[in-house]
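A.B. asks: Below you'll find the structure I mean.
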Amino acid sequence: MVNWIVIENTEEVQRISEKVALKLEKIGPVMFSVGRFINKNVRKMLSAYTEICKGMQKEFAGHVAAGKERRDTIFFNAPHLVIAYADTRNMVAHDACITALTHLELAAHSYGIGTCWSGVLGVYSNLTPSFAKELGIPKNNEIVGALMIGYPDVEYRSIPMREKPRVIWK
């Protein structure tokens, strides 16, 4: 089952953004350092995707620098935030949340509402267990994903350039 938290209050979204930036300032420099693993998920990711982790560490440093300049690169001043969470004991709940968020993203676009996935909020919630409790998320549940939502300032006429997908044809 997919559960939702909708944060309509723009000031609350900004407050969360600032908390995330402060956490990244503390843990960003050491998060992907050998011997300083934050948790088992980071350890798995580091061993499988070393280059991606280096890029993330650079990205986190950019968030910290932007925060010091009072620029919001966490939620980009989005007015609202939608969070999907689920019970960790349900083996299909994670996929259900991702699917539901994707459908929300597509439906919002059809109403002229812009969305953007917030991967950094997932990182923050993994590293800060008290955050879920603060939001009222019950025990045995975790944040699966989040979308920033608002009316876009610009309209894109085409999709951005993408890397060529890896496809195995048989």
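Bear in mind that the values in this text are calculations on the coordinates, not laboratory data. Just so it is clear, the structure is predicted and the values come from calculations on it, not from any experiment. Methodologically, a virtual Cβ is constructed for each residue, glycine included, from the backbone with ideal geometry; neighbour enumeration extends over all protein chains shown.
A.B. asks: Cα-Cα over 21 Å: which of LYS58/LYS133; LYS23/LYS68; LYS19/LYS133?
C.D. replies: Details: LYS58/LYS133 29 Å; LYS23/LYS68 13 Å; LYS19/LYS133 15 Å.
The pairs that break the limit, which is 21 Å between Cα atoms, are LYS58/LYS133.
A.B. asks: While we're here: When the chain is fully extended, how far beyond the present Cα-Cα distance does ALA65 get from TRP169, taking 0.36 nm per residue of separation?
C.D. replies: Values: separation 104, 0.36 × 104 = 37.44 nm, distance 4.39 nm.
Length gained, ALA65 through TRP169: 33.0 nm.
A.B. asks: Only loop residues by DSSP count here, and only those with at most 16 other Cβ atoms within 10 Å; note down the chymotrypsin sites (Phe, Trp or Tyr not before Pro) in the stretch 106-170 that meet that.
C.D. replies: TYR111, TYR156, TRP169
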